[in-house]
Amino acid sequence: FFKESAEFLIKQQAKFYRAEKSRPLPGGLETFSFEAEVAKERVYLHYYTLRQGTQGATLTARILPADLATAQRDVEAMAKSLQLRGVK
């Protein structure tokens, strides 16, 4: 998913400043991120993926530099709270 996301951003003519490749987190989560300029705006893009059996979910956050410290902590807390449930 890291590669697909990077390719999409390249097609959007994003300018990359930093990329953090996929790394595992506790609870089955994986995360990766980009610091880039997209549509003339510098942003931090954080991705969290969760796989549980045959189910999966992706949480993506687009964070502005001024909000990075607080928003990054909040988004990670949300990602860690994700729980997939079977179809009822």
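The values are calculated or read from the model by the stated rules, or taken from the named source; none is laboratory data. No experiment lies behind these values; they were computed from the predicted model shown. Counting neighbours? That spans all protein chains shown, and the Cβs are built from the backbone with ideal geometry, glycine included. Protein only, heavy atoms only, side chains kept; ligands, DNA and RNA dropped before computing areas. Shrake-Rupley method; radii C 1.70, N 1.55, O 1.52, S 1.80 Å.
Per-structure values
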{"quantity": "Any chance Ser5 is of a type in the set (Ser, Thr, Tyr), under 13 Å from the mean Cα position of the chain (by Cα) and part of a helix (DSSP H, G or I)", "calculated": "yes"}
{"quantity": "Qualifying positions in the range 32-71 - out of contact with any Lys or Arg (no Cβ under 6 Å at 6 or more places or on another chain), in contact (Cβ under 8 Å) with a residue 12 or more places away in the chain and β-branched (Val, Ile, Thr)", "calculated": "Val38, Thr49, Thr58, Thr60, Ile63"}
{"quantity": "Residues within the range 1-37 that are farther than 14 Å from Tyr47 by Cβ and of a type in the set (Val, Ile, Thr), tallied", "calculated": "1"}
{"quantity": "Boolean, Leu84 is part of a loop (DSSP other than H, G, I, E, B) and surrounded by 13 or more Cβ atoms within 10 Å (Cβ to Cβ)", "calculated": "yes"}
{"quantity": "Flag for Phe8 being open to solvent by 90 Å² or more (accessible area, probe 1.4 Å), on the phi < 0 side of the Ramachandran plot and free of Cβ contacts under 8 Å to residues at least 60 places away in the same chain", "calculated": "yes"}
